[in-house]
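Participant: Sharing a structure, written as structure tokens. Questions coming.
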Amino acid sequence: MKKSAVVLLLAISGCASAKTLPMETLQVLYDAYANLNSCHKFGYIGDEVLNSLDKVIQANRYQDNLGNVTALTQDNINYYHSLHDQFILDQQSKSYSINQSGIRFQIKTLCDQLNTTLGDRLGVKAKIISPDNLPESAKPVFSKESNHNAPTIPEDRPMTWENSPVQGIQVR
């Protein structure tokens with residue numbers, strides 16, 4: 001992730017009750033929103049914490065270094081609603097291969113941790129989606145045909161002690 005978890009958590013915890021925040025905090029909130037938005041896009045998490053974070057971002061005003069205080073415009077809101085975390089997008093695109101489908105479990109774990117931690121900071125109960133209820137985009141990829149029809153090596157003769165790879169040698 002781009003920001004350390006500590007900076008993110010400190011910023012979020014301070015934002016829940018503030019009304020005017022430094023402009024630098026807005027980028028941290030955008031990054032948090034992008035992470036949760038990516039997780040929600042693929043179905044790893046619900047939208048409870050994402051909606052609460054959205055309300056926090058819109059409810060606050062932001063002050064720049066010159067002391068100018070501004071509220072978000074509709075263009076700002078449209079901008080951060082379109083944000084996605086590149087790391088999660090890259091990992092998700094890698095996960096479509098059968099050999100890499102285990103990445104989805106790692107993405108799910110990361111998304112659950114982000115969702116729960118930010119939910120705690122915002123005072124929102126994050127609901128964990130069970131593996132059975134995940135959408136196809138979040139479930140591991142399995143090829144059912146290849147598992148059942150895997151080629152087997154035919155045996156030319158049954159295995160006995162005499163024709164075993166150790167060829168009857170006493171192993172101590």
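The values are calculated or read from the model by the stated rules, or taken from the named source; none is laboratory data. These numbers come from a predicted model, not from an experiment. With ideal geometry, Cβ positions are generated from the backbone for all residues, glycine too; neighbour counts draw on all protein chains shown.
Participant: Show the residue pairs that are 6+ apart or on different chains and have beta-carbon atoms under 8 Å apart, the first residue being within segment 81-97 and closer than 16 Å to GLU136 by Cβ, the second being aromatic (Phe, Trp, Tyr) and modelled with pLDDT of 90 or more.
Facilitator: Close Cβ pairs satisfying both conditions: GLN92/PHE42.
Participant: How many of the residues in segment 64-111 are exposed (fewer than 12 other Cβ atoms within 10 Å of the Cβ) and of a type in the set (Ser, Thr, Tyr)?
Facilitator: Counting residues in segment 64-111 that are exposed (fewer than 12 other Cβ atoms within 10 Å of the Cβ) and of a type in the set (Ser, Thr, Tyr) gives 5.
Participant: Report yes if some residue within segment 39-61 is in contact with a strand residue (DSSP E or B) (Cβ under 8 Å, 6 or more places away or on another chain) and not in a helix (DSSP H, G or I); otherwise report no. Explain how you work it out, then say what you get.
Facilitator: Filtering segment 39-61 for residues in contact with a strand residue (DSSP E or B) (Cβ under 8 Å, 6 or more places away or on another chain) gives 60-61.
Narrowing the set further to residues that are not in a helix (DSSP H, G or I) leaves 60-61.
Within segment 39-61, one or more residues are in contact with a strand residue (DSSP E or B) (Cβ under 8 Å, 6 or more places away or on another chain) and not in a helix (DSSP H, G or I).
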